[in-house]
Amino acid sequence: MRRRECIAGLATAAVWPMSPAAAAHADRLQVGLTPVILADQIAFLSRWGRYLGAQVGIEVSFVARESYQSILDLLWSGQIDAAWICGYPFVRFESDLKLLAVPLYRGDPHYQAYLIRSTAVDGLRGWSDLKDRVLAYSDPLSNSGWLVAQAQLAQAGIAPRELKRAFFAHGHRNVAEAVAAQLAQAGSIDGYVWETMRLQGMPAAARTEVIWKSEPFGFPPLVTARRATHPRTERLREALLDMANDAAGRELLGSLNLSGFSAGVPSLFDSIRHQAVQVPGSGVTG
């Protein structure tokens, strides 16, 4: 019970109330996302919404949920107009989604997955050392927080049942918190998130260390439903692509540890697509 309470306490994401019909109004545009890294995320998302609203010409607001599946359900039901998801659900549901914009991290539309461990843990150097250990995942639809781990465990010859235990922490920041608190001995995490936590001086990053880095993957994109009909979606795309061109936009990007947004192309996610085909149960076929 204590362990479950500790894990639950890590899920500190703020959730905004939302009317089911809100996104049907043309005078408002809503963007769904899983929790951002920032300690002041509610205040930041309010500032970002005001900035984008001024560019788009209507109210822009954000809706946070703890899982990618919850965000996708809102998107497909028309309750939100766009979503910031992950490359894995993009390739899994590509026939129903289209790219809106892809963030640029250090000037590039790619990131890496990391395997991290607690600085207090010895004898854990990589995936092949995870047998009989506890591993924290982020989300069942996360590339770096689940899919990569399945591929790497298989490559290391370790079946998931050979782990002592594995659990979903519901967010990359929560993965780092769980590993730092030694609720897990290792965690599969988005490298951009861990590096941003380290940059912001978050204690969980200081108490964990990277023991493996993946190849580059397409950065988690912003998407719309392929059948989306909101008249201002293209204006939102233009506003995101333009953020690096003015001081207010650059300040917001700096808070996210991003350098801008790009239009992106589906081929950015080919390495995720190829990996998913190799993982049983990923929902992606060749």
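The values are calculated or read from the model by the stated rules, or taken from the named source; none is laboratory data. Note that this is a predicted model, so its numbers are computed, not measured. Here Cβ is always computed from backbone atoms with ideal geometry, including for glycine, and neighbour counts include all displayed protein chains.
The table for this structure:
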quantity	calculated
Members of segment 142-162 that are buried (at least 24 other Cβ atoms within 10 Å of the Cβ) and assigned to a loop (DSSP other than H, G, I, E, B)	S142
Helices (runs of 4 or more DSSP H) contained entirely in segment 172-213, each with at least 2 residues that are within 14 Å of the chain's Cα centre (by Cα) and either hydrophobic (A, V, I, L, M, F, W, C) or under 11 Å from Y114 (Cα atoms) (or both)	172-180, 191-199
Test: residue in segment 43-61 that is in contact with a Ser or Thr (Cβ under 6 Å, 6 or more places away or on another chain) and either within 21 Å of N143 (Cα to Cα) or of a type in the set (K, R) (or both)	no
Residue within segment 67-83 that is closer than 17 Å to G218 by Cβ, in contact with a strand residue (DSSP E or B) (Cβ under 8 Å, 6 or more places away or on another chain), in the same structural domain as L268 (by TED's automatic domain parsing) and buried (at least 18 other Cβ atoms within 10 Å of the Cβ) present	yes
From R237, R227, R165, R198, residue being buried (at least 19 other Cβ atoms within 10 Å of the Cβ) and among the charged types (D, E, K, R)	R237
Within segment 118-131, considering residues that are touching a residue at least 40 places away in the same chain (Cβ under 8 Å) and closer than 27 Å to F269 by Cα, the one surrounded by the most Cβ atoms within 10 Å (Cβ to Cβ)	W127
Members of segment 228-248 that are of a type in the set (A, V, I, L, M), more than 14 Å from R50 (Cα to Cα) and under 24 Å from the mean Cα position of the chain (by Cα)	A228, L241, A244
